Amino acid sequence: MTILDTDWAVASLKEFIHATEQVGYNNRGNTGVVVVGTHQRVSDTKAAELAYVAEQILDRVLPEWRRVDNKTSEERQKARWKYLRDWAGRGIAALEREVELQEKLGDTAPRVSAGDFHSWVWGGASSLWRSGHFREAVEGAIRKLNAETQNKLGRRDVSETDLFNQAFSEQPAVANSPRLHRMPDDGSKTFKSVQRGARMFAEGVFAGIRNPLAHEADQEMPEQEALEYLAALSVLARWVDESTREVAS
């Protein structure tokens with residue numbers, strides 16, 4: 001995933017704020033008509049274009065901005081771009097002072113971005129994650145991972161734990177049951193260990209993450225916990241994606 005261009009993002013947010021500022025009319029023309037009041041620097045069409053870009057930046061920098069918007073559509077219309085302008089200002093501060101804040105607040109630990117997880121995982125989770133449905137986002141990622149694994153193996157007759165147990169088996173492939181090898185089968189203990197590790201890890205994912213979620217449909221989970229679950233799923237997704245498909249000879 002491409003790293004966010006901080007300079008471009010800051011410039012785009014500043015452009016939106018400047019463009020939607022209310023300024024007084026210039027009454028020094030030759031018409032003789034005096035106009036009193038204020039107007040927006042740019043047309044609503046141009047402002048909407050800049051607002052769209054600002055929204056995409058804020059989704060990356062301050063994703064919570066959408067979830068805390070408790071204004072009605074009528075209130076937003078009256079305020080025009082004020083709500084988004086306020087968040088754009090926060091976004092600029094977050095981008096420009098992130099390094100300084102981390103140093104001053106003592107937080108120098110590496111940060112994990114869900115957008116950098118394997119595309120299967122984030123692709124299955126992203127839309128639900130952005131709306132604050134973290135538990136459902138994890139479930140979506142699991143469904144996507146399961147489906148992509150089925151696609152790679154060309155199977156629809158098994159899924160989840162059974163699918164991965166067969167896929168990462170140390171035994172040779174048999175008819176209608178291909179294997180996924182993370183390394184060439186050279187008969188070594190390393191090969192068997194790698195296969196067993198992937199198989200047991202997958203079983204742990206479904207037993208420890210997928211199954212409990214099915215019984216907690218009415219319970220939301222904390223964002224950090226959901227992020228850690230997505231990280232585990234991303235590991236498994238990369239193993240599947242990078243493995244070689246082996247069929248019976």
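Table for the structure above
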quantity	calculated
Residue in segment 82-92 that is assigned to a helix (DSSP H, G or I), among the acidic types (Asp, Glu) and not assigned by TED's automatic domain parsing to the domain that holds residue 55 present	no
Lone unmet requirement of (1) closer than 27 Å to residue 248 by Cα; (2) touching a residue at least 12 places away in the same chain (Cβ under 8 Å); (3) surrounded by 12 or more Cβ atoms within 10 Å (Cβ to Cβ) for residue 183	(2)
Residue 235 in the same structural domain as residue 123 (by TED's automatic domain parsing), in contact with an Asp or Glu (Cβ under 8 Å, 6 or more places away or on another chain) and of a type in the set (Val, Ile, Thr)	no
Among residues of segment 240-249, those that are outside any helix (DSSP H, G or I) and touching a helix residue (DSSP H, G or I) at 6+ places or on another chain (Cβ under 7 Å), counted	1
Only one of 83, 25 that is over 21 Å from residue 113 (Cβ atoms), at pLDDT 75 or above and of a type in the set (Ser, Thr, Tyr)	83
Pick from segment 95-134, criterion aliphatic (A, V, I, L, M) and crowded, with 16+ Cβ neighbours inside 10 Å, ranking: modelled with the lowest pLDDT	114
Residue 237 being surrounded by fewer than 16 Cβ atoms within 10 Å (Cβ to Cβ), of a type outside the set (Lys, Arg), touching a residue at least 40 places away in the same chain (Cβ under 8 Å) and in a helix (DSSP H, G or I)	no
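The rows are residues; the columns are (1) at pLDDT 95 or above; (2) touching a strand residue (DSSP E or B) at 6+ places or on another chain (Cβ under 9 Å); (3) in a helix (DSSP H, G or I).
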| residue | (1), (2), (3) |
| --- | --- |
| 165 | yes, no, yes |
| 180 | yes, yes, no |
| 219 | no, no, no |
| 233 | yes, no, yes |
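Per-residue answers, yes or no, for (1) of a type in the set (Phe, Trp, Tyr); (2) part of a helix (DSSP H, G or I):
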residue: 185; (1), (2): no, no
residue: 191; (1), (2): yes, yes
residue: 195; (1), (2): no, yes
residue: 201; (1), (2): yes, yes
residue: 208; (1), (2): no, yes
residue: 212; (1), (2): no, yes
residue: 216; (1), (2): no, no
residue: 229; (1), (2): yes, yes
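The values are calculated or read from the model by the stated rules, or taken from the named source; none is laboratory data. Note that the structure is predicted; figures quoted are calculated from it, not measured. So basically every Cβ, Gly included, is an ideal-geometry build from the backbone, and we count neighbours across all protein chains shown.
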